[in-house]
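Note sheet for the following structure.
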Amino acid sequence: MKKIIIAIDGPAGAGKSTIAKKVAAALGYAYIDTGAMYRTVTLCYLRSGKPFSESLVTEEADHLDLSFAYRDGVNRVFLGGEEVTEAIRSLEVSRSVSAVSAVGGVRRAMVALQRRIGAAGGVVMDGRDIGTVVFPQAELKIFLTASVEERARRRCLELQQKGQAVDLEDLKKRIAERDHLDETRAISPLRCAEDAVFLDSTSLSIAEVTSRIIALAERKGACGTNL
Ligand code: DC
């Protein structure tokens, strides 16, 4: 059975993680959330209490004791023995992660880790630079996007379901700002690889996007165990 690498890149809030998890489950593949890796480095830096510097965050990335475990239907993230699944989604981490992930030393360490994890194939990896930098040889590359309005609307619903008060206009502004930072940074900016399949999910359901990607994976020779 062929175990391919599926790279899913795209901007914040396009639904990458939701879709990537479903594709991975259908194919019996591992799901790797690379955003969680940059978030964990950011958490370490914030906890250090020290002022931001490239050498400090690179040091944190080089010594990151990170692991993933899938338990009770949740992809859990561990820093040493501590579960940080929730902590890496905090507002503070979200605010600082763009600056941390723009540092060359941090990216070098994370890309090396991602290549080790995905080397044997049978993975669905989502992020910003998986198809362009981490695995330019990936058999299947997807660039998943949606309009800023739709991404803000989805995020708004998600936060409301968690009981948090949100302002849609503020969310739109923050999403547009993060897109700008991710697209214009000097190292590995967010862009669609030339050989990626461009998927705009603005008016597509999760099920539609998932089944399109699974069909594309099958055409590349992937053979699902759980289809
Ligand atoms: O997907 P996310 O929102 O959890 O990602 C958090 C941040 O990490 C985001 O601002 C961009 C950055 N990131 C990156 O630079 N490269 C990746 N492969 C994944 C995420």
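The values are calculated or read from the model by the stated rules, or taken from the named source; none is laboratory data. Remember, predicted model here, so these are calculated numbers, not experimental data. Every residue, glycine among them, receives a Cβ derived from its backbone with ideal geometry; neighbour counts consider all protein chains shown. Only protein heavy atoms, including side chains, enter the accessible area calculation; ligands, DNA and RNA are left aside. Shrake-Rupley method; radii C 1.70, N 1.55, O 1.52, S 1.80 Å.
General remarks:
- Beta carbons closer than 7 Å, at least 6 apart along the sequence or on distinct chains, never pair a first residue in region 32-55 that is in contact (Cβ under 8 Å) with a residue 40 or more places away in the chain with a second that is among the basic types (Lys, Arg) and open to solvent by 30 Å² or more (accessible area, probe 1.4 Å).
- Region 101-120 - residue that is of a type outside the set (Gly, Ala, Ser) and either within 8 Å of the ligand (Cβ to nearest atom) or touching a strand residue (DSSP E or B) at 6+ places or on another chain (Cβ under 7 Å) (or both) and, of those, modelled with the lowest pLDDT: Ile117
- Looking across region 121-170, the residues that are within 13 Å of the ligand (Cβ to nearest atom), part of a helix (DSSP H, G or I) and either farther than 23 Å from Tyr38 by Cα or of a type in the set (A, V, I, L, M) (or both) come down to Ile130, Val133, Val134.
- Within region 95-106, residues that are farther than 13 Å from Ile187 by Cβ reach partners that are near the ligand (Cβ under 10 Å from one of its atoms) and aromatic (Phe, Trp, Tyr) with beta carbons closer than 7 Å, at six or more positions or on different chains, in the pairs Val97/Tyr38.
- Region 141-161 - residue that is aliphatic (A, V, I, L, M) and open to solvent by less than 30 Å² (accessible area, probe 1.4 Å) and, of those, farthest from Glu218 (Cα to Cα): Leu159
- Of all the criteria given as (1) over 19 Å from Ser188 (Cα atoms); (2) buried (at least 22 other Cβ atoms within 10 Å of the Cβ); (3) of a type in the set (S, T, N, Q), the one not satisfied by Ser67 is (2).
- Flag if Thr58 is under 18 Å from Ser17 (Cα atoms), open to solvent by 10 Å² or more (accessible area, probe 1.4 Å), within 15 Å of the ligand (Cβ to nearest atom) and not aliphatic (A, V, I, L, M): no
- Within region 1-45, being part of a loop (DSSP other than H, G, I, E, B), away from the ligand (no atom under 12 Å from the Cβ) and surrounded by fewer than 24 Cβ atoms within 10 Å (Cβ to Cβ) holds for Met1, Lys3, Ile4, Gly28.
- If the condition is being within 19 Å of Ser101 (Cβ to Cβ) and not small (Gly, Ala, Ser), then region 156-182 contributes Arg174, Ile175, Glu177, Arg178, Asp179, His180, Leu181, Asp182.
- Residue match in region 79-92 (condition: within 12 Å of the ligand (Cβ to nearest atom), open to solvent by 10 Å² or more (accessible area, probe 1.4 Å), among the basic types (Lys, Arg) and not in a helix (DSSP H, G or I)): no
- Region 171-227: number of residues that are within 16 Å of the ligand (Cβ to nearest atom), among the hydrophobic types (A, V, I, L, M, F, W, C) and either within 17 Å of Val134 (Cβ to Cβ) or open to solvent by less than 60 Å² (accessible area, probe 1.4 Å) (or both): 8
- When residues in region 104-140 are screened for being small (Gly, Ala, Ser) and crowded, with 23+ Cβ neighbours inside 10 Å, 3 of them pass.
- Of all residues in region 46-78, those that are at pLDDT 95 or above, in a strand (DSSP E or B) and among the β-branched types (Val, Ile, Thr) total 1.
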